[in-house]
Amino acid sequence: MTNTDVGLDFWLRYVEASGGLTESGGDTTLVMLPPALQTTLELPEVLQVTADPDVAREDGATLLSAGHPALGRSADEVLAMGDVAAMAVPVAATPPPPTEHLQAMARDQFSIDHGRIDATGALTRSVRAILRVGGRVDYTLSSDDHYQECAECWVDVQSQRPLPTHVSAKLAALPTEPKDGSPSLTGLTAAIRFADRVIEQCAQRRRSELGEDIASARDAELERVEAYYRDALATIERRRAQAPADRWELLDARADSVRSERARRISETREKYQACHEVRPYRLHIYEVPVWRLPVDVRRGDRRYPLTLDWLIPLTRFADVACPRCGADERLVATKTGLGCVGCVPQRTVQLAPEPTRPPAKPAAKAKQVVTQPPTPRRHPSPVHIDPAGRRLRSRNSATS
């Protein structure tokens with residue numbers, strides 16, 4: 001069974017690094033301590049440890065979890081010594097991959113607005129430095145609430161950008177070996193400052209998250225303090241209203257004393273819940289990762305902007321690229337004048353053409369009045385009758401000629 005408790009895993013690694021032996025046996029781990037470590041940790045030579053309370057109760061193993069003195073002493077010892085190392089990530093000697101393949105991978109990983117990546121030269125072998133900074137953060141949320149956590153930041157020294165979480169986890173799991181000679185210090189100071197800022201920002205956010213429940217407890221205690229002294233002042237006010245005049249001065253002095261005590265108690269309560277944190281760095285590792293260096297051009301039409309990409313061999317991806325103008329972690333844009341990012345490339349503003357002015361409308365001409373005459377009634381022809389003799393006779397109702 002693989003141990004998954006962070007504290008116990010740290011302690012076992014500390015024991016092994018200090019000359020002790022460990023052997024996992026399922027729910028427990030058998031530990032043998034050298035004499036010096038027995039004295040430092042105040043533990044016997046042989047013991048079984050676990051992070052599971054039920055296993056410790058049933059099997060009689062030592063419960064080594066947060067708060068155990070041996071764990072605290074080990075952490076203090078590591079912090080006092082520090083953990084500084086320069087390591088190399090070994091890879092098998094293989095021929096370089098086809099340039100066309102890396103070009104396709106570059107186009108998939110980097111999407112550049114208005115530009116296309118074209119490989120322009122042969123691959124060369126090199127190394128790229130990755131910095132790992134770790135620290136212990138002590139959180140004080142109130143006089144009774146204290147927490148300790150570890151914080152880490154992985155930084156690409158060349159681009160001054162943090163590594164994505166999945167990339168740093170993969171790099172941490174790779175086998176390493178001590179580096180021969182001194183590592184390159186180019187850009188290391190700036191990378192350490194960057195990592196310090198990232199850890200500090202993460203600690204501030206984490207302190208705010210941890211303090212959400214503490215804030216409600218603080219507000220509740222402040223409300224109790226306010227209610228107590230509010231009632232005390234109301235009682236003194238009622239007594240003063242019923243007391244003779246010669247006792248008013250005494251009651252007023254008592255009310256002033258209560259107000260002063262209330263201000264003191266409120267100040268003490270706020271100070272009790274004053275949150276703060278302290279970062280104590282303890283780890284600084286430099287990883288030298290082998291890369292294939294690929295020169296490319298970012299093309300926009302006939303314009304070409306040279307760029308160098310590093311293929312991280314053990315991580316099977318390119319190192320992230322910072323903006324060549326401002327160094328920001330933003331999407332790159334190929335413009336007509338250079339290569340930059342969306343943050344530093346001036347955005348084109350589209351100005352709308354003003355609407356053409358129209359001449360004032362002419363007043364409508366008065367329509368000519370057309371006098372319409374009432375329609376002339378249509379006269380129907382008078383009916384004609386023909387007598388038997390063939391003569392045409394007009395109707396009696398017709399007008400006579």
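Figures for the structure shown
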| item | result |
| --- | --- |
| Extreme residue, farthest from the chain's Cα centre (by Cα), among residues of region 97-120 that are buried (at least 16 other Cβ atoms within 10 Å of the Cβ) and either among the hydrophobic types (A, V, I, L, M, F, W, C) or farther than 16 Å from LEU307 by Cα (or both) | ALA119 |
| Positions within region 177-217 being buried (at least 17 other Cβ atoms within 10 Å of the Cβ) and more than 28 Å from the chain's Cα centre (by Cα), in sequence order | PRO183 |
| Unique residue being within 25 Å of the chain's Cα centre (by Cα) and surrounded by 14 or more Cβ atoms within 10 Å (Cβ to Cβ) when the list is LEU141, LEU123 | LEU141 |
| Residues satisfying the stated conditions in region 25-58, i.e. assigned to a helix (DSSP H, G or I) and hydrophobic (A, V, I, L, M, F, W, C) | ALA36, LEU37, LEU41, VAL55, ALA56 |
| Conditions (1) free of Cβ contacts under 8 Å to residues at least 12 places away in the same chain; (2) touching a Pro at 6+ places or on another chain (Cβ under 6 Å); (3) not aromatic (Phe, Trp, Tyr); number of the one not met by LEU174 | (1) |
| Residue under evaluation GLN38, criteria (1) over 37 Å from the mean Cα position of the chain (by Cα); (2) over 14 Å from GLU16 (Cα atoms), criterion not met | (2) |
| Only listed residue being closer than 30 Å to TYR287 by Cα, in contact (Cβ under 8 Å) with a residue 12 or more places away in the chain and not small (Gly, Ala, Ser), chosen from LEU79, LEU21, LEU43, LEU64 | LEU79 |
| Residue in region 313-326 that is among the hydroxyl-bearing types (Ser, Thr, Tyr), closer than 15 Å to ILE112 by Cα, modelled with pLDDT of 90 or more and surrounded by fewer than 17 Cβ atoms within 10 Å (Cβ to Cβ) present | no |
| All positions within region 99-153 that are charged (D, E, K, R) and farther than 26 Å from THR316 by Cα | ARG136, ASP138, ASP144, ASP145, GLU149 |
| ARG128 more than 19 Å from ASP9 (Cβ to Cβ), under 24 Å from the mean Cα position of the chain (by Cα) and among the charged types (D, E, K, R) | no |
| Residue within region 365-382 that is modelled with pLDDT under 55, surrounded by fewer than 18 Cβ atoms within 10 Å (Cβ to Cβ) and touching a Lys or Arg at 6+ places or on another chain (Cβ under 9 Å) present | yes |
| Qualifying residue in region 239-250 (condition: part of a strand (DSSP E or B) and in contact with an Asp or Glu (Cβ under 8 Å, 6 or more places away or on another chain)) | no |
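Yes/no matrix, rows are residues, columns are (1) in contact with a Cys (Cβ under 6 Å, 6 or more places away or on another chain); (2) touching a residue at least 24 places away in the same chain (Cβ under 8 Å); (3) closer than 19 Å to VAL78 by Cβ:
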{"site": "LEU123", "(1), (2), (3)": "no, yes, no"}
{"site": "ALA129", "(1), (2), (3)": "no, yes, no"}
{"site": "VAL133", "(1), (2), (3)": "yes, yes, yes"}
{"site": "SER142", "(1), (2), (3)": "no, yes, no"}
{"site": "ASP145", "(1), (2), (3)": "no, yes, no"}
{"site": "GLU149", "(1), (2), (3)": "no, yes, yes"}
{"site": "GLU152", "(1), (2), (3)": "no, yes, yes"}
{"site": "SER159", "(1), (2), (3)": "no, yes, no"}
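For (1) loosely packed, with under 15 Cβ neighbours inside 10 Å; (2) touching a helix residue (DSSP H, G or I) at 6+ places or on another chain (Cβ under 7 Å), each residue gets a yes or a no:
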site	(1), (2)
ARG13	yes, no
LEU21	yes, no
THR50	no, yes
VAL55	no, no
LEU63	no, yes
SER74	no, yes
VAL84	yes, no
ALA93	yes, no
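Conditions (1) within 30 Å of GLN103 (Cβ to Cβ); (2) modelled with pLDDT under 95; (3) surrounded by fewer than 17 Cβ atoms within 10 Å (Cβ to Cβ), marked per residue:
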site: ALA245; (1), (2), (3): no, yes, yes
site: GLU249; (1), (2), (3): no, yes, yes
site: ASP252; (1), (2), (3): no, yes, yes
site: GLU261; (1), (2), (3): no, no, yes
site: TYR273; (1), (2), (3): no, yes, no
site: TYR282; (1), (2), (3): no, yes, no
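The values are calculated or read from the model by the stated rules, or taken from the named source; none is laboratory data. Here the structure is a predicted model, which is why all the values come from computation and not from measurement. Here the Cβ is made from the backbone with ideal geometry for all residues, glycine too, and neighbour counts use every protein chain on show.
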